[in-house]
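Have a look at the structure below before the remarks.
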Amino acid sequence: MFFQQLINGLTTGSVYALIALGYTMIYGILGLINFAQGEIYMCGAFVAVLLLATGKVNFFLAFALGMAAAALLGVILERVAFRPLRGFHPLVPLISAIGASIFLQSLALLLFGPNDRPFPIQFTFSTINIAGLPVSTLQIAILGAALGFMGLLIVFVRYTTYGKAIMACALDRDTARLMGINVDRMVSLTFLVGSALSGAAGIMMAIYYNATYPRMGLLPGLKAFSAAILGGVGNIPGAILGGLLLGVAESLGAAYISSGFKDAIAFAILILVLLLRPQGILRGRGD
Amino acid sequence: MTAYVLHLAILAGIYIILTVSINLIIGYAGQVSLGHAAFYGIGAYASALVSLHWHFPFPAAALTAMLVAGLCGLALGLPTLRLKEDYLAIVTLGFGVIVDLVFLNLEFTGGPDGLPGIPPPSFWGIDFRPPWLYLILVVVTVILVLIFTYRLVDSYHGRALRAIRDHEITAQVMGINTPAYKVVVFTLAAALAGLAGSLYAHYITFINPETFGLHTSILILAMVVLGGMGSIAGSVLGAVILTILPEMLRQAHAYQELIYGGLLMLLLIWRPEGLLGRGKLSLKFLKRES
């Protein structure tokens with residue numbers, strides 16, 4: 001029972017971590033919370049599900065296209081809703097992002113209707129035993145894929161020129177500009193990468209819960225933000241740790257405390273973290 | 001028809017109180033609350049519960065609503081207002097979700113069915129059941145709230161708040177206790193939202209969690225941004241427009257949220273100061289010198 005909940009928590013937690021990475025990277029470079037991150041997650045899931053429903057696209061292509069669509073949405077959003085507002089009071093882009101989130105959510109509601117869509121293709125997953133404990137291969141696949149994406153992101157940020165340029169912008173935008181880095185392009189690239197990860201997270205959750213619907217991004221988006229704060233906002237390993245911890249806490253809390261308040265656990269943790277250790281577990285740049 | 005106009009007028013009055021209260025947080029203290037509907041709901045439930053169980057008269061119930069909502073605002077504001085404005089946005093949003101779940105899951109709040117049979121106000125020998133009398137009650141309350149907020153923002157304390165909004169560090173250097181101001185204004189705004197909740201509960205006489213969800217918080221936010229953050233007259237205008245507009249666009253009901261979301265984004269890009277922003281209380285602070 002405990003072990004099962006732990007695995008459940010790690011699975012959803014790894015998905016929160018993927019979304020949290022998007023938040024943390026964007027916060028790192030712009031000091032802005034992209035409230036529409038949950039809608040980008042929803043967009044990735046919808047594109048993959050709709051493509052697969054046509055029956056003409058194979059799974060991996062649909063997955064890649066879903067991520068690409070999410071990435072594109074992220075880049076467009078930055079251009080339309082955030083870039084014109086740079087240099088304003090921080091409230092202004094924040095409210096604009098909330099507007100974008102509501103707008104995208106209701107647009108999806110109009111286009112796709114309010115009902116859950118099942119995932120169009122069926123996977124055959126079995127339960128295997130690891131050290132005598134039953135684990136679903138679906139959970140292993142999701143956990144593995146999420147960790148794989150995180151590894152890729154860390155390699156990208158640490159060892160590629162563009163990744164280092166993003167880190168430079170996050171450290172000091174003006175100095176980065178003086179070093180010849182095109183800051184605007186790096187901001188776009190950050191949105192591209194962060195949104196692609198959120199898109200991937202959306203597709204994985206669409207498979208895991210077998211449901212895709214317009215409001216699916218709301219709660220995971222908020223929880224992932226809590227995860228980013230828990231780990232220390234602006235800190236990439238922190239976001240991963242925060243996501244996993246939050247997923248486990250939520251799953252154990254739902255099992256042992258109260259399932260009716262499952263969604264409240266993440267926010268209770270968020271408020272506690274802000275109260276006790278506002279810089280997060282691993283020190284972030286937030287405060 | 002007249003009944004319908006009266007109904008809209010009463011709702012507009014309630015929204016004016018909500019919009020003016022959140023404007024204190026957004027337009028004056030420069031913070032964001034995305035869970036304002038939670039305080040509205042807490043006020044409504046507190047007022048309904050004390051009237052149903054302990055037969056409080058309306059003025060006492062409304063005061064209880066303000067007190068309870070204000071205390072919740074204090075409890076939430078104390079830990080979070082020391083932090084940057086973005087954190088408050090998320091925490092208040094999360095708080096809204098938690099409060100919604102509490103209303104849904106607790107027994108004494110009636111769960112998803114809510115609380116029916118809330119008594120309409122009746123005090124000083126007047127029964128406020130007829131809508132026009134209720135409208136008078138709402139209008140008097142709105143006027144009192146407006147007088148209070150105008151006096152507040154034009155006082156020494158109002159200037160301190162605006163200083164915090166414009167530049168927090170400078171405000172601190174000038175000797176303003178910025179966390180205390182932010183907490184007090186947040187508590188006040190929560191209490192006013194509680195008052196609005198009480199007015200709503202005793203007017204509709206039935207409440208359930210649905211009314212106090214995220215969409216209401218967003219609606220209030222849209223009202224403030226439409227009228228202009230930091231303009232009280234703008235808040236009144238924004239609240240009235242967004243109460244009446246959806247009624248005129250009944251056929252476009254499905255597009256309501258789309259319109260609110262688009263409105264928030266486009267207004268900020270093209271006219272961040274809102275409709276009345278160029279009035280006396282302008283929002284030049286939005287443009288940061290850099």
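Values for this structure:
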| quantity | calculated |
| --- | --- |
| Residue among B:LEU93, B:LEU67, B:LEU63, B:LEU71 that alone is within 14 Å of chain A (Cβ to nearest Cβ) and either out of contact with any Pro (no Cβ under 8 Å at 6 or more places or on another chain) or surrounded by fewer than 24 Cβ atoms within 10 Å (Cβ to Cβ) (or both) | B:LEU93 |
| Single residue of the stretch A:68-111 satisfying the filter (at the interface with another protein chain (Cβ under 7 Å from one of its Cβ atoms) and assigned to a loop (DSSP other than H, G, I, E, B)) that is least open to solvent (accessible area, probe 1.4 Å) | A:HIS89 |
| Qualifying residue in the stretch B:35-46 (condition: free of Cβ contacts under 8 Å to residues at least 60 places away in the same chain and part of a helix (DSSP H, G or I)) | no |
| The stretch A:158-197, residues that are aromatic (Phe, Trp, Tyr) and open to solvent by 20 Å² or more (accessible area, probe 1.4 Å) | A:TYR159, A:TYR162 |
| Some residue of the stretch B:209-222 being away from chain A (no Cβ under 14 Å) and open to solvent by 10 Å² or more (accessible area, probe 1.4 Å) | yes |
| Residue list for the stretch B:99-134, filter: out of contact with any Ser or Thr (no Cβ under 8 Å at 6 or more places or on another chain), outside any helix (DSSP H, G or I), in contact (Cβ under 8 Å) with a residue 40 or more places away in the chain and surrounded by 12 or more Cβ atoms within 10 Å (Cβ to Cβ) | B:THR109, B:GLY110, B:GLY114, B:PRO121, B:SER122, B:PHE123 |
| Criterion (within 18 Å of the chain's Cα centre (by Cα), open to solvent by 20 Å² or more (accessible area, probe 1.4 Å) and modelled with pLDDT of 85 or more) met by exactly one of B:TYR40, B:TYR15 | B:TYR15 |
| Residue in the stretch A:224-232 that is assigned to a helix (DSSP H, G or I) and within 25 Å of A:ASP116 (Cα to Cα) present | yes |
| Top-ranked residue of the stretch B:74-90 - restricted to ones that are open to solvent by 60 Å² or more (accessible area, probe 1.4 Å) and of a type in the set (D, E, K, R), ranked as modelled with the highest pLDDT | B:ARG82 |
| Which listed residue is of a type in the set (A, V, I, L, M, F, W, C) and either without any contact (Cβ under 8 Å) to a residue 24 or more places away in the chain or touching a Pro at 6+ places or on another chain (Cβ under 6 Å) (or both), from B:LEU137, B:LEU144, B:LEU161 | B:LEU144 |
| Selection count, the stretch A:269-280, where residues are part of a helix (DSSP H, G or I) and more than 7 Å from chain B (Cβ to nearest Cβ) | 4 |
| Yes/no for B:ILE22 being away from every other protein chain (no Cβ under 14 Å) and either within 12 Å of the chain's Cα centre (by Cα) or modelled with pLDDT of 90 or more (or both) | no |
| Residue check for B:ALA48: in contact with a Leu (Cβ under 6 Å, 6 or more places away or on another chain), open to solvent by less than 20 Å² (accessible area, probe 1.4 Å) and within 14 Å of chain A (Cβ to nearest Cβ) | no |
| Of the criteria (1) hydrophobic (A, V, I, L, M, F, W, C); (2) more than 23 Å from A:GLY232 (Cβ to Cβ); (3) assigned to a helix (DSSP H, G or I), which one A:ILE26 fails | (2) |
| Whichever residue in the stretch B:1-27 is in a helix (DSSP H, G or I) and free of Cβ contacts under 8 Å to residues at least 12 places away in the same chain and, among such residues, is farthest from B:ARG165 (Cα to Cα) | B:THR2 |
| Counted residues, the stretch A:31-67 - those being open to solvent by 40 Å² or more (accessible area, probe 1.4 Å) and closer than 18 Å to A:LEU189 by Cα | 2 |
| Residues (under 17 Å from A:MET150 (Cα atoms) and away from every other protein chain (no Cβ under 13 Å)) located in the stretch A:233-266 | A:ASN235, A:ILE236, A:PRO237, A:GLY238, A:ALA239, A:ILE240, A:LEU241, A:GLY242, A:GLY243, A:LEU244, A:LEU245, A:GLY247 |
| The lone exception for A:VAL47 - which of (1) away from chain B (no Cβ under 14 Å); (2) more than 19 Å from A:LEU18 (Cα to Cα); (3) in contact with a helix residue (DSSP H, G or I) (Cβ under 9 Å, 6 or more places away or on another chain); (4) in a helix (DSSP H, G or I) it fails | (2) |
| Residue tally, condition touching a Phe, Trp or Tyr at 6+ places or on another chain (Cβ under 8 Å), over 18 Å from A:GLY113 (Cα atoms) and open to solvent by 10 Å² or more (accessible area, probe 1.4 Å), over the stretch A:198-221 | 2 |
| Of all residues making up the stretch A:253-278, the number that are open to solvent by 50 Å² or more (accessible area, probe 1.4 Å) and within 16 Å of A:PHE225 (Cβ to Cβ) | 1 |
| Contacts under 6 angstrom Cβ, first residue in the stretch B:206-217 being over 18 Å from B:ILE118 (Cβ atoms), partner open to solvent by 40 Å² or more (accessible area, probe 1.4 Å), 6 or more apart | B:GLY213/B:ASP100 |
| Filter pass, A:ILE207 being in a loop (DSSP other than H, G, I, E, B) and either away from chain B (no Cβ under 14 Å) or in contact with a Cys (Cβ under 9 Å, 6 or more places away or on another chain) (or both) | no |
| Qualifying residue in the stretch A:147-157 (condition: over 18 Å from A:ILE19 (Cβ atoms) and open to solvent by 40 Å² or more (accessible area, probe 1.4 Å)) | yes |
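The values are calculated or read from the model by the stated rules, or taken from the named source; none is laboratory data. Please read these numbers as outputs of a predicted model, since none were measured by experiment. Heads up, the Cβs are rebuilt from the backbone with ideal geometry, glycines too, and the neighbour counts pull from every protein chain shown. Accessible surface is based on the protein model in full, side chains and every heavy atom, while ligands, DNA and RNA are left aside. Shrake-Rupley method; radii C 1.70, N 1.55, O 1.52, S 1.80 Å.
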